[in-house]
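Report on the structure given below.
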Amino acid sequence: MVISAALGFAAGIGITLLLQRRRRVLASKRTSKRTSKRTSKRTSKDRSIVLNAPQLLAWIDAATQGWMILAPDHSIAYINDRAERLLHIPSNRLVRGMKLRDVLDIPVLEELIFSSRYQLRSQRCEWDQQGTPLEAVVLPGSDECCLVLIQSRQSLEAQQQQQERWVSDVAHELKTPLTALMLVSDRLELAVKEDDTALVQRLQKELRRLQLLVEDLLELSRLENSLPQDDSEHVPLTLEDLVDSAWGSIGPIAEERRVSLQLDRSESGPLRGDQRRLHRAVLNLLDNALRYSPDESSIDVSVRQSGGWWLLSIRDHGPGLSEADLTRMFQRFYRGDPSRTRSNRSGSGLGLAIVQQIAVNHGGRIEARNHPAGGACMDLLLPRETLQ
């Protein structure tokens, strides 16, 4: 009886798919005779595809993801081998037809199933099953049946951690030879002939760019391995002071191009945070604005309250952001159109990705937009309340 319920559920999927195809065919026939002829050819091909229950169940059994079909009374109508292994159900135990709660004690999953059926939409949860980190997606079906898709998070987390360790290790290994090369280039600058000085200076410029890239990779790796709730380095500070400190670092570069800072000091923006990393975030945002600012212009900065947030807005008077910039500018190594840059300085391509990670680690976020009066605007939002 349980097998027949599973077969009926799977067959229902196949019938639903066929009915959906049939409806599309009928709708197409109403448009025109020419369209009707083309549609009839496609439907004749569709009829050759038979989605029978045994075939569907065979696919489910071969899936690399755990599948578990639950009947309306929460009994297990069907479960594949992968789900049994992930849930640590012995292979010799027959669980089909048994109530889920009699087989497994997973309160978070049972609550998710009830919620999914009530709200009629998919739901997702995570838990540890005898030391194995799992995640499940519950999909509600017809007649109060539901499908539970289960997979391990362990392999995904292991791959991510391995990738992060690899990036960090490579960056560490690059630091030493780069430092040695910088020392050699300094000696070369004094020893070479005047005709070769330009080549040595270009070498030094590229080495400094590589050093910046390595430092940014290391910083991004440390940020990604930091827990957002870790506030051991948090101290009282203000966004106004962070802006003043960061502008002091790039002020000489701005003065060369006669770009000024216009800071609205009506709000100081007191909060708690990691002073070093928030300084880095504000510095990266100001440096980015300076790159796109025309000579003899200003960078407008304001701090104000926005609900439960402090909103730090940094606006330049440059050409603004393209659609590609707005969707990809916080990705690693993304560089915008170089023709819009007003500075010949090049960065690592990680500056805004670092800002985003610093914001996330402080419980905030970073957003980009085009200002209505022209130019690009970066909005850094940080929680006003004391971080716990």
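Normalising the Debye intensity of segment 229-284 to I(0), with uniform scatterers on Cα atoms only, and taking log10 at q = 0.12, 0.23, 0.29 Å⁻¹ returns -0.32, -0.91, -1.18.
Return one whole number: the accessible area per residue of segment 218-297 in Å², for a 1.4 Å probe. For segment 218-297, the per-residue accessible area is 48 Å².
At 20 °C and 1.002 mPa s, grab the translational diffusion coefficient of segment 272-320 from Stokes-Einstein with a Kirkwood Rh over Cα pairs, rounded to a whole number in µm² per second. In µm²/s, the coefficient rounds to 178. Maximal additional length on extending the Leu120-Tyr334 stretch stands at 73.1 nm, based on 0.36 nm per residue less the C-alpha distance.
When the solvent-accessible area of segment 169-312 is split by element, carbon and sulfur atoms take up 51 percent of it, the probe being 1.4 Å.
Estimated at 0.36 nm per residue, the fully extended path between Glu111 and Leu174 surpasses their Cα-Cα distance by 17.7 nm. Projected label points at Arg202 and Glu323, each 7 Å from Cα along the beta carbon direction, are separated by 3.8 nanometres.
Evaluate the Debye formula for segment 90-135 with equal point scatterers sitting on the alpha carbons, no solvent, and hand back log10 of I(q)/I(0) at q = 0.17, 0.24 Å⁻¹, in q order, two decimals. Relative scattering, expressed as log10 I(q)/I(0), comes to -0.62, -1.00.
The values are calculated or read from the model by the stated rules, or taken from the named source; none is laboratory data. Owing to the predicted nature of the structure, the values given are computational and were not obtained by experimental measurement. Neighbour counts run over all protein chains shown; Cβ positions are idealised from the backbone, glycine included. Only protein heavy atoms, including side chains, enter the accessible area calculation; ligands, DNA and RNA are left aside. Shrake-Rupley method; radii C 1.70, N 1.55, O 1.52, S 1.80 Å.
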